[in-house]
Amino acid sequence: MADHASAANATGVARPLRHTLGQPIALLGLTSLAIGLTWWWLGIPVQLPPSPLTTGEKLYCVSYAPFRDGQDPLVEGTVVSPQQIDEDLTLLSRYTDCIRTYSIENGLDKVPEIAQRHGLKVLHGIWLANNAERNRRQIATTVELAKQYPDTIRAVIVGNEVLLRGDMSAPDLAALIRQVKSQVSMPVTYADVWEYWLRYRELQTVVDFVTIHILPYWEDFPLRASLAAAHVDNIRKDVASAIPNKEIMIGEVGWPSAGRMREGALPSPFNQARVIQDVLALAAREKFRVNVIEAYDQPWKRALEGTVGGHWGLISDGRRQFKFVFGGAVSDHPHWAVQALAGILLCCVIYGSAWFVERRSDPVRLLWPRIAALAFLPAVMFGWTIEAVPVDSFSVGGWVRSLSFAAVAAAAPIVCAVASAAGRPMPTFAALIGGSWQERDALRWLLGGIFAALVLLSVQAALGLVFDPRYREIPFAPLTAAVVPFLVFRFSQPSGAQIGTRAMAETVAAAVLAACAGYIAVNESFANWQAVWFCVALLGLALILVRARDAPSSE
């Protein structure tokens with residue numbers, strides 16, 4: 001009898017333990033598998049079309065700036081060493097016959113000499129601005145270099161987008177072009193976006209050939225990557241029709257590998273590779289010259305153009321490696337396995353935290369399906385978030401915003417899972433600030449504090465995309481990762497939690513977010529899925545806020 005009783009007791013202990021662990025472990029396994037499969041799908045390399053270059057053929061020309069992370073030509077005194085330029089051109093000489101420069105400052109006056117040693121030609125640029133003395137130095141140095149390296153400097157480009165920036169009038173620019181042309185033996189041109197060549201066609205009389213920039217991503221009406229080459233073809237033909245007596249060279253064409261979407265124009269490694277390959281194939285068929293922008297990523301440009309400004313290079317800044325191989329396969333998320341692992345680890349913490357609390361509390365009905373619902377998408381988006389943090393952050397303020405959003409994205413599903421397991425309600429802002437100290441336990445502070453931080457970050461991001469959107473990133477991933485668990489948590493609370501007067505602070509925040517979402521969606525267009533996704537997340541957050549109720553008065 002004692003043995004039977006002992007066995008019964010053992011069984012009585014074991015069955016509840018298996019019942020307690022079985023469902024969460026099964027759902028954790030399924031959620032982790034789903035996260036891994038999602039990232040595997042996102043990271044699958046996509047095959048590019050056949051290479052537009054014949055065997056042994058190199059690129060005609062690529063734009064070259066030598067600045068690496070921490071080097072900024074806008075900072076006075078920045079000078080790049082000849083050794084660094086030599087390293088860059090050693091690599092470039094394997095893939096291109098020519099480089100285009102934009103200035104003789106910051107050490108770039110050494111480029112012709114170093115390029116000559118590597119057998120490279122140079123489209124030598126003169127940087128013109130509204131500074132007469134600086135213009136004089138640029139021209140004088142260029143004339144001297146042109147005489148010293150006549151077989152290396154293929155052409156001289158007098159000014160880059162001077163008319164676009166409004167730094168000089170067309171007659172003054174034409175006078176400087178004539179001045180340079182009278183002193184050098186090689187062809188002379190001027191480079192600007194295509195619209196300004198159509199606007200100032202008279203400049204064709206002072207140049208040997210016309211150099212136009214066509215950047216489909218930056219057009220007033222941005223195009224999808226799949227339409228970029230056709231756009232380049234149409235624009236080139238329009239300019240050739242308007243200026244029939246001059247050769248039309250594409251002086252800049254390219255696509256960014258990272259950054260925010262503009263309408264349907266999505267920066268990504270695959271889209272960058274596709275656009276460049278398509279344009280080079282077009283150039284080979286139509287027999288026109290193309291200079292690709294640009295050789296190396298230029299991190300300093302992010303301060304001027306947002307994240308996208310630093311990611312036009314064929315070669316990454318940090319590792320100095322090509323982002324793609326012509327005719328090869330390209331992944332938009334090459335580190336997808338690491339991102340999947342980060343999401344799975346977060347998922348384990350979410351489930352583990354909920355289980356730790358649940359085993360010490362009264363059982364909560366349908367807890368584990370609720371945990372699965374609030375864990376999956378945030379875990380996937382967390383991998384996307386950590387991918388974007390180092391890419392999008394390039395100033396102290398940017399790092400603070402990115403890391404804060406990432407912290408909230410990681411903390412939100414954990415604290416919501418714990419609160420669900422403990423059966424705790426969501427505190428309003430007023431209750432969080434004005435409640436008695438006895439009510440301010442750690443979980444209450446964490447739940448309300450993280451939600452308040454999410455609202456503040458979201459309002460800041462939304463207002464930025466309303467009032468100054470051009471160069472701002474669209475943080476759809478961290479916002480989604482943080483909003484989804486609060487949505488699941490809020491809508492799984494019992495209906496009694498909705499008794500009381502509408503919370504004023506939350507209502508105002510909801511109105512602001514909803515208004516911003518409507519404006520952003522229209523302004524960015526529905527072709528921009530990043531913006532649409534962000535707006536849906538904003539509306540989800542607004543829905544959470546508008547449901548908040550202050551506790552009924554005790555009077």
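The values are calculated or read from the model by the stated rules, or taken from the named source; none is laboratory data. These figures come from a predicted structure and were not determined experimentally. Every residue, glycine among them, receives a Cβ derived from its backbone with ideal geometry; neighbour counts consider all protein chains shown. Ligands, DNA and RNA are excluded from the accessible area calculation, which covers all protein heavy atoms including side chains. Shrake-Rupley method; radii C 1.70, N 1.55, O 1.52, S 1.80 Å.
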With the condition kept exactly as written, say whether any residue in the range 465-476 is open to solvent by 30 Å² or more (accessible area, probe 1.4 Å), over 26 Å from Val389 (Cα atoms), at pLDDT 95 or above and not aliphatic (A, V, I, L, M).
no
Pairs with Cβ under 9 Å, 6+ apart, first in the range 114-129 and over 11 Å from Ala155 (Cβ atoms), second part of a helix (DSSP H, G or I) and among the basic types (Lys, Arg):
Trp127/Arg134; Leu128/Arg134; Ala129/Arg165
The correct count of residues that are in a loop (DSSP other than H, G, I, E, B) and under 11 Å from Ile214 (Cβ atoms) in the range 234-254 is 1
Just checking, how many residues over the range 378-406 are open to solvent by 50 Å² or more (accessible area, probe 1.4 Å) and under 19 Å from Asp332 (Cβ atoms)?
3
Could you tell me how many of the residues in the range 299-314 are open to solvent by less than 30 Å² (accessible area, probe 1.4 Å), closer than 16 Å to Pro66 by Cβ and not aromatic (Phe, Trp, Tyr)?
4
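Which of the following residues is in a helix (DSSP H, G or I) and at pLDDT 95 or above: Ala453, Ala497?
Ala453
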Determine, yes or no, whether Val357 is surrounded by fewer than 22 Cβ atoms within 10 Å (Cβ to Cβ) and part of a loop (DSSP other than H, G, I, E, B).
no
Restricting to the range 531-545, give me the number of residues that are open to solvent by 50 Å² or more (accessible area, probe 1.4 Å) and closer than 15 Å to Met504 by Cα.
1
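Okay, residues lined up against (1) in a helix (DSSP H, G or I); (2) in contact (Cβ under 8 Å) with a residue 24 or more places away in the chain; (3) under 15 Å from the mean Cα position of the chain (by Cα):
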position	(1), (2), (3)
Phe270	yes, yes, yes
Ile276	yes, yes, no
Leu280	yes, yes, no
Phe288	no, yes, no
Arg302	yes, yes, yes
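Starting from residues that are free of Cβ contacts under 8 Å to residues at least 40 places away in the same chain and assigned to a helix (DSSP H, G or I), keep the ones in the range 508-530 and report whichever is most open to solvent (accessible area, probe 1.4 Å).
This residue is Val522.
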Answer yes if at least one residue in the range 330-338 is surrounded by 23 or more Cβ atoms within 10 Å (Cβ to Cβ), in contact with a Pro (Cβ under 8 Å, 6 or more places away or on another chain) and touching a residue at least 60 places away in the same chain (Cβ under 8 Å), and no otherwise.
no
Selection count, the range 460-490, where residues are out of contact with any Pro (no Cβ under 8 Å at 6 or more places or on another chain), within 26 Å of Leu304 (Cβ to Cβ) and not acidic (Asp, Glu):
17
Taking the range 229-267 and keeping residues open to solvent by 10 Å² or more (accessible area, probe 1.4 Å) and among the small types (Gly, Ala, Ser) leaves Ala229, Ala230, Ala240, Ser241, Ala242, Ser257, Ala258, Gly259, Gly264
Can you find, within the range 359-394, the residue that is nearest to Asp69 (Cα to Cα) among those that are among the charged types (D, E, K, R) and free of Cβ contacts under 8 Å to residues at least 40 places away in the same chain?
Arg360
Every residue in the range 223-257 that is under 24 Å from the mean Cα position of the chain (by Cα) and free of Cβ contacts under 8 Å to residues at least 40 places away in the same chain, please.
Leu227, His231
Which condition from (1) touching a residue at least 40 places away in the same chain (Cβ under 8 Å); (2) surrounded by fewer than 21 Cβ atoms within 10 Å (Cβ to Cβ); (3) not charged (D, E, K, R) is the one that Tyr296 breaks?
(2)
